[in-house]
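S.K.: Have a look at this one before I ask anything.
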Amino acid sequence: DLLKEFPLEPTYIYGGSLQLQSNKLCLGLQNMELNKPAILVECSEDLQNPKNGSYFMSTSEQEIRFFDYRRKCLDSVDMAFYHCHNQRGNQAWNYNNDTLQIKMQTKKKCVAGRELNQPIYLTECDEKAENQKWTWSIKKL
């Protein structure tokens, strides 16, 4: 099937920095390596154009993508970025603009974070938990 071999690019909904509200740290990569668990990093001064490898996008296909040419998506298996497989499942995320939570579609758990240089993780969703509230710096691309 041609579309499976060469999928169409999805629409981008959110972009820029993804900032955790509890401590104002941002989603980032360990040593710029995509196959290691994503961590919390110091946010770039320019949240809409971050320079430290922390530019991400949310897509119409429910992906959270690292912004570069390699098509890497956040994967719930170990919360690292792997090749986007376009089958949702462990790469399907729903951002709720009201609660500011990022929910894993299949496990119904939410993305949370704690401290600088520590990995992000999945936990039971709690709308009151500040460590589950994320803000995109660019809304509706």
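The values are calculated or read from the model by the stated rules, or taken from the named source; none is laboratory data. Source: prediction; values computed, not measured. Here Cβ is always computed from backbone atoms with ideal geometry, including for glycine, and neighbour counts include all displayed protein chains. Surface areas here come from the heavy atoms of the whole protein model, side chains and all, with no ligands, DNA or RNA. Shrake-Rupley method; radii C 1.70, N 1.55, O 1.52, S 1.80 Å.
S.K.: Can you pull out every residue in region 26-59 that is over 22 Å from residue 77 (Cβ atoms), modelled with pLDDT under 85 and either charged (D, E, K, R) or part of a strand (DSSP E or B) (or both)?
M.R.: 51
S.K.: Suppose we keep only residues that are in contact with a Pro (Cβ under 6 Å, 6 or more places away or on another chain) and not small (Gly, Ala, Ser) within region 46-70. Which one would you say is most open to solvent (accessible area, probe 1.4 Å)? Outline the logic, then answer.
M.R.: First, the residues of region 46-70 that are in contact with a Pro (Cβ under 6 Å, 6 or more places away or on another chain): 59-61.
Okay, now just the ones that are also not small (Gly, Ala, Ser), so 59, 61.
Values: 59: 4, 61: 73 Å².
My answer is 61.
S.K.: Right, another one. Among the residues of region 105-117, which ones are out of contact with any Leu (no Cβ under 6 Å at 6 or more places or on another chain) and in a strand (DSSP E or B)?
M.R.: 110, 111, 112, listed by residue number.
S.K.: Can you pull out every residue in region 88-104 that is of a type in the set (Ser, Thr, Tyr) and either over 19 Å from residue 15 (Cα atoms) or not in a loop (DSSP other than H, G, I, E, B) (or both)? Break it down stepwise before answering.
M.R.: Looking only at region 88-104, we keep the residues that are of a type in the set (Ser, Thr, Tyr), and these are 95, 99.
If the condition is that a residue be of a type in the set (Ser, Thr, Tyr) and either over 19 Å from residue 15 (Cα atoms) or not in a loop (DSSP other than H, G, I, E, B) (or both), then 95 is the only one that fits.
S.K.: Could you list, in sequence order, all residues of region 8-25 that are at pLDDT 90 or above and of a type outside the set (Phe, Trp, Tyr)? Explain how you work it out, then say what you get.
M.R.: Residues of region 8-25 at pLDDT 90 or above: 13-25.
Correct list: 13, 15, 16, 17, 18, 19, 20, 21, 22, 23, 24, 25.
S.K.: Just to be sure I understand, how many residues within region 71-125 are open to solvent by less than 70 Å² (accessible area, probe 1.4 Å), at pLDDT 95 or above and among the acidic types (Asp, Glu)?
M.R.: Matching residues across region 71-125 total 1.
S.K.: What are the pairs, 6+ residues apart or on separate chains, where a residue within region 96-113 that is more than 16 Å from residue 40 (Cβ to Cβ) and in contact (Cβ under 8 Å) with a residue 40 or more places away in the chain has its Cβ under 7 Å from a residue that is polar (S, T, N, Q) and outside any loop (DSSP other than H, G, I, E, B)?
M.R.: What qualifies is 105/94.
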